[in-house]
Amino acid sequence: MTDLSTFFVPGPTWVRPEILAEMTRPMIGHRSAEFRELCGRVFDDLRKLFLTSGNVFVAASSGTGLLEGALLNCVPRRVLVTTCGAFSERWREIAQQLGVEVDILEHEWGKPVDAERLATHFTGRRYHYDAVTFTHNETSTGVLNDLEALTAVVHAESHDTLILVDAVSSLACTPIAFDDWKIDVCIASTQKGLALPPGLTLFAVSERALEAARKKAYRGTYFDFLLFDKHAREGNVPFTPSVSHFYALAAQLEHILRVESIETRWARHLQLRDMTIERTAAFCQLMADESHASPSITALAPRKLEPSVLLARMKERGYTLASGYGRWKPAGIRIGHMGDISLESLSAMLDVLAEVADA
Ligand code: PLP
């Protein structure tokens, strides 16, 4: 990694200049043989990222579009939403808007979703759930949920509840074993762990989820999984994609899988997290439960300065960090350390943060 980043927002993330350059390639028609070849390569590599041998699709949308799409395709009647922060609560807001029955298993902000509570909830449930939602990495609080344990609980308790996962800020930062954990829909966007500009959402969909979609009377149009499936069989997407993003995505997948390696990338994210927590401990309170601290974003409450003052002073020094999110906005700051952020970049920024925050 050559350049030092000064941009530490938890999405969009810093994009390497060579990847940005990929987006300036000349246009090709999205029904051309060239695009089919490009799309085929992207699908093959996305399978490696999601650790699946099944269906992967790409939509021109941010992540929220696919949260709605997953609910529209997979939930005819009732969904269980697990919450532990603002983005996991988004599943609830969308489901309520769609008019389906919503049960909520709520957790305190900063804490992870608890597998035992989930099991107890399932055992005592009065209704059948068509699906349960998880937000793998809660970007508002910096908590990484233990998705392997949570999916195991659902499989032990119900054989026909679909598992819908928001992996928007975790894919390519930490392992997600779509096939082994028997996930049904897993959603991620380009502007987080993949370190591309915002604009595309990538999602894996199980055969069970497609079966549920087939039975659903109304799936909408733009996010109809059956249309994505039909077009993917022809190495394509249903609607006009952002071709420029596809070029950049293909190049970035090549880099992630064959230059850096996915295992090295996961390990680097753990180092980024540990460095952030260690080097801010003297002047900031970690807002997440440390045992579930996210590898991609850290939420911190500064001890001496108001968060807004700290962010403004960092900006004066050339660094962009994020404010707290939702109800945590006034109390904290968030450091995005995902994607292609190097340890060197983070270390240089943390030196300045220590100077500014501890002055
Ligand atoms: N889910 C999570 C965990 C996120 O972090 C985000 C964005 O930050 C989203 C979903 C989707 O938001 P958007 O549709 O604005 O990209």
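Of the residues making up region 175-211, those that are over 21 Å from Ala152 (Cα atoms) and among the hydroxyl-bearing types (Ser, Thr, Tyr) are Ser189, Thr190, Thr201. The strands (runs of 3 or more DSSP E) located wholly in region 77-176 that include 3 or more residues which are modelled with pLDDT of 95 or more and under 17 Å from the mean Cα position of the chain (by Cα) occupy 78-83, 131-135, 162-166. Residues in region 134-148 that are without any contact (Cβ under 8 Å) to a residue 60 or more places away in the chain, more than 10 Å from the ligand (Cβ to nearest atom) and in contact with a Phe, Trp or Tyr (Cβ under 8 Å, 6 or more places away or on another chain): 2 in all.
Residue-wise test of (1) β-branched (Val, Ile, Thr); (2) in contact (Cβ under 8 Å) with a residue 40 or more places away in the chain.
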| site | (1), (2) |
| --- | --- |
| Ile256 | yes, yes |
| Thr276 | yes, yes |
| Ala312 | no, no |
| Asp340 | no, yes |
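Of the residues making up region 49-60, one or more are of a type in the set (Ser, Thr, Tyr) and in contact (Cβ under 8 Å) with a residue 24 or more places away in the chain.
The rows are residues; the columns are (1) under 13 Å from Thr6 (Cβ atoms); (2) over 21 Å from the mean Cα position of the chain (by Cα).
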residue	(1), (2)
Pro295	no, no
Leu310	no, yes
Glu344	yes, yes
Leu353	yes, yes
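Tell me which of these Phe87 doesn't satisfy, since it passes every other one: (1) within 15 Å of the ligand (Cβ to nearest atom); (2) within 18 Å of Ser206 (Cβ to Cβ); (3) of a type in the set (Phe, Trp, Tyr). Just one mismatch for Phe87, condition (2).
For region 323-339: of the residues being buried (at least 18 other Cβ atoms within 10 Å of the Cβ) and over 17 Å from the mean Cα position of the chain (by Cα), which is nearest to Glu108 (Cα to Cα)? Residue satisfying both the conditions and the ranking: Trp328.
The values are calculated or read from the model by the stated rules, or taken from the named source; none is laboratory data. Just so it is clear, the model here is predicted, and its values are computed rather than measured. Note that we place each Cβ from the backbone using ideal geometry, even for glycine, and neighbour counts take in every protein chain shown.
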